[in-house]
Amino acid sequence: MRSAESAALSSSPGGASPGRRGKSPAALLAHGIDRVSKWAAYVACVCLGLMVLVLCLEIGARAFGATSPLSTWESAGYLQAALVMLGAGYTLQTGGHIRVNLLMGRLGDKGMRVLDTVCSLLGLAVMAVICWSLMGVFWSSLQTGRRS
């Protein structure tokens, strides 16, 4: 399923022809992003299945008195992080993200665009701080030789 943005780009005058030659670079980029998001969603499904399998092994091992195999909680945590990151693009593409429309419904088109832009920039700033912090942890791990 294509996002609204990619559908709008491909129906623009530069992207009206059915062949790839007539499409604008923005339409081709949007189409490529849509395809990558869809494949990432498939990989996220595999991660979900693996996470369920790993946790079922943990439950089965505990039921029979065995020790936890393969550090299951750590593996499940990594799989959950991968699931969220890989599935986020497709969720956004298909309109599955939770959004509070109370304020959005009262704003006009211009107000909604401004609010979307402000929220996107705020989200970008938060992610930049998180990435910066994680790079510090990564660098520290490299210097000290810690592994997880």
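Worth a mention:
- Residue list for the range 97-117, restricted to those being over 27 Å from Met85 (Cα atoms) and open to solvent by less than 100 Å² (accessible area, probe 1.4 Å): Leu103, Gly105, Leu107, Gly108, Gly111
- Restricting attention to the range 59-112, the residues being touching a residue at least 40 places away in the same chain (Cβ under 8 Å) and in contact with a Cys (Cβ under 6 Å, 6 or more places away or on another chain) number 0.
- Considering the range 19-50, and only residues there that are in a loop (DSSP other than H, G, I, E, B) and of a type outside the set (Lys, Arg), the residue that is surrounded by the most Cβ atoms within 10 Å (Cβ to Cβ) turns out to be Ser24.
- Contact map, the range 114-126: first residue within 17 Å of Met104 (Cα to Cα), second residue open to solvent by 80 Å² or more (accessible area, probe 1.4 Å), Cβ cut-off under 9 Å, separation 6 or more or different chains; pairs are Leu115/Leu103.
The values are calculated or read from the model by the stated rules, or taken from the named source; none is laboratory data. Because the structure is a prediction, the values reported are computed rather than measured. FYI the Cβ positions are ideal-geometry reconstructions off the backbone, even for glycines, and counts take in every protein chain you see. The accessibility values were calculated without ligands, DNA or RNA, using every heavy atom of the protein model including side chains. Shrake-Rupley method; radii C 1.70, N 1.55, O 1.52, S 1.80 Å.
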